[in-house]
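Chemist: Sending over a structure as structure tokens; questions will come in a sec.
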Amino acid sequence: MLVAGEWLVRKRLSLKNMDVVKLSCWLSDVDAGLTVAFNAGRPLIKAELEQRVRLWRKCFSEKEATRWAVYHSDPFEFLAILLALWTLKRTACVPGITGRGLSNRYVPE
């Protein structure tokens, strides 16, 4: 029954029925004034994200490493880091640990 239910849900939510912007095209195809996130109630627009991605691209392009462990407490900054790495064809390795355990292990207090 679960498999049948999942199949029905997948059919209803098929990507054919959605407007989808490919992630590979998103930075170039979406309007710069589009709100992409909020920080303490303040809208953050795509142009701000692009600026952060450029900054991170510059940082990463100066290094030869192709695989990067990625963690950031700010989701907006985390997204900028991921996009920067992906546009440079680098690999983002995201730890599978969540919550307080992650910050205790990897981030000095």
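Chemist: Is one or more of the residues making up segment 96-103 among the hydroxyl-bearing types (Ser, Thr, Tyr), modelled with pLDDT under 85 and either surrounded by 10 or more Cβ atoms within 10 Å (Cβ to Cβ) or out of contact with any Ser or Thr (no Cβ under 8 Å at 6 or more places or on another chain) (or both)?
Modeler: For segment 96-103, residues among the hydroxyl-bearing types (Ser, Thr, Tyr), modelled with pLDDT under 85 and either surrounded by 10 or more Cβ atoms within 10 Å (Cβ to Cβ) or out of contact with any Ser or Thr (no Cβ under 8 Å at 6 or more places or on another chain) (or both): present.
Chemist: Sort out which residues of segment 70-91 are surrounded by 11 or more Cβ atoms within 10 Å (Cβ to Cβ) and more than 18 Å from Leu49 (Cα to Cα), and write them in order of number.
Modeler: Arg90, Thr91
Chemist: If a residue must be at pLDDT below 70, open to solvent by less than 80 Å² (accessible area, probe 1.4 Å) and out of contact with any helix residue (DSSP H, G or I) (no Cβ under 9 Å at 6 or more places or on another chain), how many such residues does segment 10-45 contain?
Modeler: Final tally of qualifying residues: 2.
Chemist: Let me ask you something else. Looking only at segment 84-94, which residues are within 21 Å of Ile45 (Cβ to Cβ) and of a type outside the set (Val, Ile, Thr)?
Modeler: Ala84, Trp86
Chemist: I would also like to ask the following. Looking only at segment 46-69, which residues are farther than 19 Å from Asp29 by Cβ and either open to solvent by 50 Å² or more (accessible area, probe 1.4 Å) or at pLDDT below 90 (or both)?
Modeler: Leu55, Trp56, Lys58, Cys59, Ser61, Glu62, Lys63, Glu64, Thr66, Arg67, Trp68, Ala69
Chemist: I've got another one for you. Among all residue pairs at least 6 apart or on different chains, which show Cβ distances below 7 Å where the first residue, located in segment 59-83, is within 16 Å of Lys46 (Cβ to Cβ) and the second is among the basic types (Lys, Arg)?
Modeler: The qualifying pairs are Glu77/Arg52; Ala80/Arg52.
The values are calculated or read from the model by the stated rules, or taken from the named source; none is laboratory data. These numbers were taken from a predicted model, which means no experiment stands behind them. With ideal geometry, Cβ positions are generated from the backbone for all residues, glycine too; neighbour counts draw on all protein chains shown. Quick note on the areas: whole protein, heavy atoms, side chains included, nothing else; ligands and nucleic acids left out. Shrake-Rupley method; radii C 1.70, N 1.55, O 1.52, S 1.80 Å.
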